[in-house]
Structures are given as C-alpha cells and as structure tokens.
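Read the figures in this text as sums done on the coordinates, not as results from a lab. This is a predicted model, so every value here is computed, not measured. Cβ atoms come from the backbone with ideal geometry, glycine included; neighbour counts cover every protein chain shown.
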Amino acid sequence: MKVGVVGADAATRAVLSRALVELGHVVLLDTALEPAAVAESDRLDLLVWVETGIKVDRRQRSNCFELELEPAFTDGAKADYAVWKQDLRQRIESARRVVGDSGHQAARAEQVWLLAASTGGPEAVDRFLAAAIPAPGVALLYVQHLTSPHLSPLLRRLAAHASRWHVEIAITGNYLLEGTLSLVSPDHKLRIGRDGRVRVLSAPWPGPYRPSADQVAESLALAYRESAGMIVFSGMGEDGALGSEHIREHGGEIWVQHPDRCIASAMPEAVLAAGEVDYSGDVAALARRFNYRYGTPAPGPRTEVS
C-alpha cells in the first residue's frame, strides 16, 4: 500500500517508515503536520497516525484507511524488533476507513460471501439483504447477470432494500470491506487480490455470462480460501456450478435458494448437481442462517441438503 506517516516525533516516524518499507509498503509521506496529511490523503491507501491529540474530520479522507498508534507503541521495536514488526503488520490489516457519508468506519473483510443470480435474482437478493444483518469482518460480493444500462438502476434498487449494508460498484483499487456489498459490473473481468483488493481488467467477460459467477468465484476462492462462501439464488443457465466447486475445494461453504422457491431454478439446480451443498432453503431461511452463522438470532425451520 501507499502509506503516509504522521506524528510529532521524527524518530518515531523513522522507525515506522523503516518497518513499513520492510513489510512491502511504499511510504510517500512523512510529516508532523496534520493538514499536510489530509491534503495528500487522496493519493494514499493508508495514513498511520501517531497520536497527536488533534481531531480531524475523517470524512475528508473517505478512501483512505487509517491506523492510530499510541506514542509508546514504537518502544516495542527496541525490545524485539521482529515481534514488534509483526504486531504492526496485524494492526495494518485491521486498519479502518470511512464508508459512505455517515462517518461509519470499516476494516478489510476477513470473510466474503458471493451472491450469484440471474433471472428472478434481484427479487430474491432484495429480500435476503433486507433480512441479513451485517457482521464484523464480513463483506458481500454480488454477481447478477445483466447488461450495462441496468447496472445503475440495480445499484439504486440495492441501496433502497439493503439499508443496513453500504452498497457500491466494485472498481479497481477498492477493497472488500466489512458491511459492504460490492456489485460486479458486466463490462469487464474482475480479479480479487490476496489482500482483498479489487482489480477490474480491460478485457470483457468471456463466455455467455456477464458477469461470470464462475470466474468471480474462482478468484474469490484463491484469495479467501476457507473464508469464502457462495449463495446461489434464482437464475437461468449453469453459471455458478463450476465456481461452487472452486469454493468447496478451498474449504468454503455453498448455499442455494431451494429450486422450488425460485422464479428460475436452473442455476441452483446446476450447483446442486455439481456436488456438495451445505445448505438449501427459501430466501427467509437463507437470511436466518446467515444471521445465525454470525451470532444473531437463531434460524427457524430449514431444509438441509446432504
């Protein structure tokens, strides 16, 4: 990441900058001046603040992760530099940034669920999102077969129904953040880095499905492994069947909307036919199970698939 270090003490900033470079980051800013940090934040991925006691409106830096450190934190570097540096690495991984206009802060997701759908999908996903409660560390990624002119209307629809979630289009440079639903565009292929960062490629989606749930699932499985999951909703075609195998091979979970409860049952049926599915139920049951999975109220009656 491109990092700025802000703190009153030059020696403290020097220790942090050295460690950041050793951890693979690029330090673009080293300053004692808070206004300078705010002015440069648009070109940074992360601002590391050593506590200064001055409060700055974080909404000015909505695209920048922030990490606040107590002044005594760098003292640990003198005792055991290697252990201290790993502590710094872990703190960077949990750094947070402001999401939307509310001032709410979010960290990079530790778990990501791919929602995949086609015909009848928007109605099902609307109901799921209205009931699913965001959990710490959990993000959603949504693949809906559609054409470019329908992307913005779908985004507005999601924002209206998923009031608990921050909804955005997945674009290059964005990270998958907790409490966020990222909508995949049908125009260009998408890849997910091991750090949870999105990269939209110049090439179009190959094959008949745009976007492709199979290809997104493969990328997600490689990035998140057992921390990836997939929920397949109503849809025509077989997109998602191969992707579900990638998720399962890396230890993730697969859920499907029960075919009998779908407007179009082909997609969940294809996933069921492909192999192991951990859970099948109607939309309400899927949302209850999601909430139960993360410690909110227990699910009601459900249908298990073996």
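If you wrap a convex hull around the Cα atoms of the stretch 110-224, how much volume per residue is inside, in Å³? Present the calculation step by step, with values, prior to reporting the outcome.
On the way: hull volume 10.1 nm³, N = 115.
Value for the stretch 110-224: 88 Å³ per residue.
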Check: C-alpha center the stretch 206-248 vs C-alpha center the stretch 97-159, spacing in Å is 16
Taking R0 as 35 Å and r as the Cβ-Cβ distance between E68 and D260, the FRET efficiency 1/(1 + (r/R0)^6), rounded to the nearest 0.05, comes to 0.10
With Cα coordinates, the longest principal axis of the chain makes an angle with the long axis of helix 121-131, in degrees rounded to 10, of 60
Note to self, the chain gives a 222 nm [θ] from helices alone (DSSP H runs n ≥ 4, -39500 (n - 2.57) apiece, / all residues, nearest 500) of -9500 deg cm²/dmol
Per the rule of 0.36 nm per residue minus the C-alpha distance, extending E276 to A131 adds in nm 49.6 nm
Per-residue Cβ contact counts at 10 Å, fewest first, order T147, T12 as T147, T12
Put in order of increasing Cβ neighbours within 10 Å, starting from the fewest, T74, T296 give T296, T74
Relative to the chain, whose Cα atoms define the longest principal axis, helix 213-224 and its Cα axis are tilted in degrees, nearest 10, by 40
Measuring from the longest principal axis of the C-alpha atoms of the chain, the long axis of helix 151-161 (C-alpha) lies at a number of degrees, nearest 10, equal to 90
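Compute the Rg to Rh ratio over the stretch 2-101 from the alpha carbon atoms, using the Kirkwood formula for Rh, and round to two decimal places.
On the way: Rg = 12.8 Å, Rh = 13.5 Å.
For the stretch 2-101, the value is 0.94.
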FRET efficiency for A203 and Y81 from the Cβ-Cβ distance with R0 = 45 Å, rounded to 0.05, comes out at 0.55
Taking a crude spin-label model, label points 7 Å out from Cα along the C-beta direction, the S94 to V21 distance in nm is 2.8
Output for the stretch 121-204: trypsin sites (Lys or Arg not before Pro) sitting in coil per DSSP, at most 13 other Cβ within 10 Å, listed by number, reads R164, R194
The extension gain from S163 to E226, computed as 0.36 nm times the residue separation minus the Cα-Cα distance, is 19.9 nm
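Provide, as a two-decimal number, the C-alpha radius of gyration of the chain over 2.2 N^0.38 Å, N being how many residues it has.
Details: Rg = 21.1 Å, N = 306, 2.2 N^0.38 = 19.4 Å.
Scaled against compact globular proteins, the figure is 1.09.
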